[in-house]
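Trainee: Encoded as structure tokens, here's the structure I'll be asking about.
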Amino acid sequence: QVSLAEYGGGLVQPGGSLRLSCTSSGPTDVRHAMGWFRQAPGEERELVAAISGSGGSTSLGDFVKGRFTISRDNAKNTVSLQMNSLKPEDTAVYYCAATERIIANRGDEYGYWGQGTQVTVSS
């Protein structure tokens, strides 16, 4: 059973930065894709960013391009999300997810999920 744990959420002022990290444990495979999703109250879950197993291919939600970067360190079983120029509308619970697929952009393609970490952007 794959287990995912997110770190790095918190409160940040508009325009600030946060770095989220997710560490996986269990029968992980470095070929498998990982992703970050978010869900705000009353909203549907949406893709923030996804990265292929090799790290050579990434996908970003339209609302984050130019502000967020996803990366992974397969030696440490870690995927990170660097978030810059944060806006109040980025406030949400952010979830790390893993899949046995090589690349995946939809939530229903992911079978493993972390418990989520709250990101609040407010002055």
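The values are calculated or read from the model by the stated rules, or taken from the named source; none is laboratory data. Values in this document were obtained by computation on a predicted structure and should not be read as measured data. As a convention, Cβ positions derive from the backbone with ideal geometry for all residues, glycine included, and neighbour counts pool all protein chains shown. Protein only, heavy atoms only, side chains kept; ligands, DNA and RNA dropped before computing areas. Shrake-Rupley method; radii C 1.70, N 1.55, O 1.52, S 1.80 Å.
Trainee: Could you tell me whether any residue of region 27-40 is under 22 Å from V121 (Cβ atoms), touching a Phe, Trp or Tyr at 6+ places or on another chain (Cβ under 9 Å) and open to solvent by 30 Å² or more (accessible area, probe 1.4 Å)?
Mentor: So far as region 27-40 goes, yes, one or more of its residues are under 22 Å from V121 (Cβ atoms), touching a Phe, Trp or Tyr at 6+ places or on another chain (Cβ under 9 Å) and open to solvent by 30 Å² or more (accessible area, probe 1.4 Å).
Trainee: Tally the residues that are open to solvent by less than 50 Å² (accessible area, probe 1.4 Å) and not hydroxyl-bearing (S, T, Y), restricting the search to region 61-71.
Mentor: Qualifying residue count, region 61-71: 5.
Trainee: Please verify whether A50 is open to solvent by 60 Å² or more (accessible area, probe 1.4 Å) and either small (G, A, S) or in a strand (DSSP E or B) (or both), treating the condition exactly as stated.
Mentor: no
Trainee: Right, something else. Quick one: which residue in S80, S24 is open to solvent by less than 30 Å² (accessible area, probe 1.4 Å), in contact with a Leu (Cβ under 6 Å, 6 or more places away or on another chain) and under 14 Å from L4 (Cβ atoms)?
Mentor: The conditions single out S24.
Trainee: List the pairs whose first member sits in region 1-17 and is over 30 Å from E100 (Cβ atoms) and in a loop (DSSP other than H, G, I, E, B), whose second member is hydrophobic (A, V, I, L, M, F, W, C) and at pLDDT 95 or above, and whose Cβ atoms are under 7 Å apart, counting only residues at least 6 apart or on separate chains?
Mentor: That search, which allows pairs on different chains as well, returns P14/L86; P14/V121; G15/L86; G16/L86; S17/M83; S17/L86.
Trainee: Suppose we filter region 60-77 for residues that are polar (S, T, N, Q) and more than 11 Å from the chain's Cα centre (by Cα); how many remain?
Mentor: 2
Trainee: Looking at L18, L4, can you tell me which residue is of a type in the set (A, V, I, L, M), surrounded by 12 or more Cβ atoms within 10 Å (Cβ to Cβ) and at pLDDT 95 or above?
Mentor: After applying the criteria, what remains is L18.
Trainee: Also: Output the number of the condition that E44 fails; it satisfies all remaining conditions of (1) surrounded by fewer than 21 Cβ atoms within 10 Å (Cβ to Cβ); (2) under 12 Å from the mean Cα position of the chain (by Cα); (3) over 14 Å from W113 (Cα atoms).
Mentor: Going through (1) surrounded by fewer than 21 Cβ atoms within 10 Å (Cβ to Cβ); (2) under 12 Å from the mean Cα position of the chain (by Cα); (3) over 14 Å from W113 (Cα atoms) one by one, E44 breaks only (2).
Trainee: Scan region 43-70 and report the pairs whose first residue is farther than 25 Å from G15 by Cβ and whose second residue is open to solvent by less than 20 Å² (accessible area, probe 1.4 Å) and assigned to a loop (DSSP other than H, G, I, E, B), with Cβ atoms within less than 7 Å and a gap of 6+ or a chain change.
Mentor: Listed by first residue and then by second, the contacts come to A50/A33; A50/A104; I51/A33; S52/A33; G53/A33.
Trainee: Additional query: State whether one or more residues within region 89-100 are touching a residue at least 60 places away in the same chain (Cβ under 8 Å), more than 13 Å from E46 (Cα to Cα) and touching a strand residue (DSSP E or B) at 6+ places or on another chain (Cβ under 6 Å).
Mentor: Within region 89-100 (the criterion being touching a residue at least 60 places away in the same chain (Cβ under 8 Å), more than 13 Å from E46 (Cα to Cα) and touching a strand residue (DSSP E or B) at 6+ places or on another chain (Cβ under 6 Å)), the answer is yes, since at least one residue qualifies.
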